[in-house]
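Remarks on the structure that follows.
The values are calculated or read from the model by the stated rules, or taken from the named source; none is laboratory data. This one's a predicted model, so the numbers in the text were calculated from it and none came from an experiment. Please note: Cβ atoms are built from the backbone with ideal geometry, for glycine as well, and neighbour counts cover all protein chains shown.
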Amino acid sequence: MKKEAQLFKSLADETRLRILWLLMAKEELCVCDIMGVLGITQSKASRHLRYLYHLGWVTDRREAVWMNYRLSVAPGSPEDKQLKLLADILSSRPEAQALKDRLEQWLAAKGQSKEGAASEGAAACQCS
Amino acid sequence: MRAEARFFKSLADETRLKILWLLLEGGELCVCDVIGALGITQSKASRHLRYLYHLGWVTDRREGLLMNYRLCVPPGSPGEKQLKLLTEMFDSLPEAQALRAHLHEWLGKKRQPKVRDAPEEKEVSSIEPSL
């Protein structure tokens, strides 16, 4: 049951829970989005994202200097069911709702600031 | 989300997962059952059971010298949903099945010698940890 203990260990951290919650709200996010919405340093964001990557929760995609992350759990897998339960638990938390609102605001502001830019990725690189 | 992180931390330990699994199977268990089925020391068993108690996973009932524990998650609560998912995860795990068999073996052995004396209620308290 070591594997299951490890699965729960990956959820036993407030920042990682927040990151997963953000990734459940938006399909793909760049490290700078996580930094901006959670107000954490790049080193902290990257560290937790790499942790989640190594545990199989997320997959990455490089775009210029930034890494983008998205959830990568297989449908029907224990991890998938665990994420659904997490969403169920968090959806009634005002703190989680506030975080979702902040993500929307952040992405909207990012969209505005890059008006005229070629792609979202290009803006993502400049947003911090 | 601190509460949720703590919630998951309580599951982020192999021994605690095993204890929860035993309690899902055995209903109420005494500390000595956990010791016997998992082959761990009393100090380790008690420590983890107290941890689970403080996080609200289990409730206790003293009987003589020994403490008995049972799950106490309210129906429909996150804890209950989590335990259901945990059961689903473990149902297909050979290690968890072996543990379940081990528990029943242990409980069977425990009951055997005292079938002829004392009523069942008293039996649990008279069992001493065999370690």
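Here is how the numbers come out for the structure above:
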| quantity | calculated |
| --- | --- |
| Qualifying residue in region A:49-62 (condition: free of Cβ contacts under 8 Å to residues at least 40 places away in the same chain and aromatic (Phe, Trp, Tyr)) | yes |
| Which numbered condition B:LEU99 misses (of (1) surrounded by fewer than 21 Cβ atoms within 10 Å (Cβ to Cβ); (2) away from chain A (no Cβ under 14 Å)) | (2) |
| Matching helices (runs of 4 or more DSSP H) fully within region B:1-95 where at least 1 residues are at pLDDT 95 or above and within 23 Å of A:GLU79 (Cβ to Cβ) | B:2-9, B:14-26, B:78-91 |
| Residue selected from region A:1-27 under the condition part of a loop (DSSP other than H, G, I, E, B) and within 8 Å of chain B (Cβ to nearest Cβ), by the criterion surrounded by the fewest Cβ atoms within 10 Å (Cβ to Cβ) | A:ASP13 |
| Test: residue in region A:99-111 that is under 27 Å from B:SER77 (Cβ atoms) and out of contact with any helix residue (DSSP H, G or I) (no Cβ under 7 Å at 6 or more places or on another chain) | yes |
